[in-house]
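Comments concern the structure below.
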Amino acid sequence: MTIKLGVPSKGRLMEKTFDWFGERGVTLSRTGSEREYSGAVDGVDGVELVLLSAGEIPRELAAGRIDLGVTGTDLVREKLVQWDQKVEPLAELGFGFADLIIAVPACWVDVDTLDDLDAAAAAFRAKHGFRMRIATKYHRLVRDYLRMGGVADYQLVDSQGATEGTIRNLTAEAVADITSTGETLRANHLKILDEPPVLKSQATLFRSRLSDKSDENREIMQTLCNTLGV
Ligand SMILES: Nc1ncnc2c1ncn2[C@@H]1O[C@H](COP(=O)(O)OP(=O)(O)OP(=O)(O)O)[C@@H](O)[C@H]1O
Ligand SMILES: O=P(O)(O)OC[C@H]1O[C@H](OP(=O)(O)OP(=O)(O)O)[C@H](O)[C@@H]1O
């Protein structure tokens, strides 16, 4: 028997995830050619490495196809309804920090709060005959946040990347996206609303609540968690 550990296959989270495990005596490595998505785990027996897109790890955990997985809290909360019934956070890993925020053009001098955004949205609809568009890939989190914040007259438009560019491209009036250094927002002449973020995210190790609970797998899981100190 083995347990499956899902980690991001590329990008900013992969290298830091490998480092985090390595510092705790569990060596993760990619095997095969540079482009082959196969890997190995040394330091604990019975653990199989599965390399996946960070965005797919929440679904794989929820389905129990992987037992453990590293991804951002933002992706888990966005993609899993009642996420805490499907996965259990075991450890925050201290990297991949990003805030999910709402941003508007910097030239909207009258819009700094959610109340201002609501007023601007109502005025926009009256003037243009359609609802203000907010581009995002975080539909669930943003909808909940705006409902709580009393913003009504808007529509979400889907943007799976380069979201800050949608305003210049005239496909949205505002955006809801993650930011870490703030450089992308500044470069696109956007300002963050002066409100708490929708969500503060970081890379986190999650355990699937559907994980195989056979005695042997429990033992492997326990050994791995003890080794990692989580
Ligand atoms: N600029 C950033 N700084 C820090 N963390 C970021 C930044 N952008 C994204 N992240 C975090 O990295 C994680 C993975 O995001 P990313 O967009 O790379 O994954 P993805 O959607 O699976 O992409 P892909 O399908 O291309 O692998 C998310 O949890 C996100 O919060
Ligand atoms: O605050 P910053 O440090 O500038 O980072 C923020 C940017 O990083 C992410 O984009 P990513 O690089 O994942 O590309 P994407 O837009 O294609 O998703 C995010 O969507 C922002 O665009």
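The values are calculated or read from the model by the stated rules, or taken from the named source; none is laboratory data. Treat the numbers as computed from the prediction; the structure is a model and nothing was measured. Methodologically, a virtual Cβ is constructed for each residue, glycine included, from the backbone with ideal geometry; neighbour enumeration extends over all protein chains shown.
One residue alone among Val151, Val198, Val175 is in contact with a Ser or Thr (Cβ under 8 Å, 6 or more places away or on another chain) and at pLDDT 95 or above, and that residue is Val175.
Scanning region 107-118 for residues that are surrounded by 15 or more Cβ atoms within 10 Å (Cβ to Cβ) and in a helix (DSSP H, G or I) turns up Leu114, Asp116, Leu117, Asp118.
When Ala106 is tested against (1) assigned by TED's automatic domain parsing to the domain that holds Asp215; (2) in contact (Cβ under 8 Å) with a residue 24 or more places away in the chain, only condition (1) is not met. Please go through region 58-84 and pick out each residue that is within 21 Å of Arg218 (Cα to Cα), surrounded by 22 or more Cβ atoms within 10 Å (Cβ to Cβ) and either hydrophobic (A, V, I, L, M, F, W, C) or within 16 Å of ligand 2 (Cβ to nearest atom) (or both). Scanning region 58-84 gives Leu61, Ala62, Ile66, Leu68, Val70. Consider region 96-106 and keep the residues that are within 13 Å of ligand 2 (Cβ to nearest atom) and over 18 Å from Arg140 (Cα atoms). The one that is surrounded by the fewest Cβ atoms within 10 Å (Cβ to Cβ) is Phe97. For the residues Ala54, Ala40, Ala63, the requirement of being under 23 Å from Lys200 (Cβ atoms) and of a type in the set (A, V, I, L, M) singles out Ala54. Here Arg168 meets each of (1) farther than 22 Å from Arg77 by Cα; (2) away from ligand 2 (no atom under 16 Å from the Cβ) with one exception, condition (2). Does Thr227 satisfy the criteria of being within 11 Å of ligand 2 (Cβ to nearest atom), modelled with pLDDT of 95 or more and at negative phi? When the stated conditions are applied, Thr227 does not pass them. Using the structure shown, decide if Gly161 is surrounded by fewer than 14 Cβ atoms within 10 Å (Cβ to Cβ) and either outside the structural domain of Arg12 (by TED's automatic domain parsing) or at pLDDT 95 or above (or both). Answer is yes for this residue. All of (1) more than 12 Å from ligand 1 (Cβ to nearest atom); (2) assigned to a loop (DSSP other than H, G, I, E, B) hold for Ala91 with one exception: (2).
Let's see how each residue does on (1) assigned by TED's automatic domain parsing to the domain that holds Asp212; (2) within 16 Å of ligand 2 (Cβ to nearest atom); (3) closer than 19 Å to Thr204 by Cβ; (4) among the β-branched types (Val, Ile, Thr):
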site	(1), (2), (3), (4)
Val7	yes, no, yes, yes
Leu13	yes, yes, yes, no
Asp19	yes, no, yes, no
Val26	yes, no, yes, yes
Gly32	yes, no, no, no
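The single condition from (1) among the charged types (D, E, K, R); (2) under 30 Å from Gln155 (Cβ atoms); (3) modelled with pLDDT under 95 that Arg59 fails is (3).
Looking only at region 177-218, residues that are away from ligand 2 (no atom under 16 Å from the Cβ), surrounded by 14 or more Cβ atoms within 10 Å (Cβ to Cβ) and not basic (Lys, Arg) come to 9 in all.
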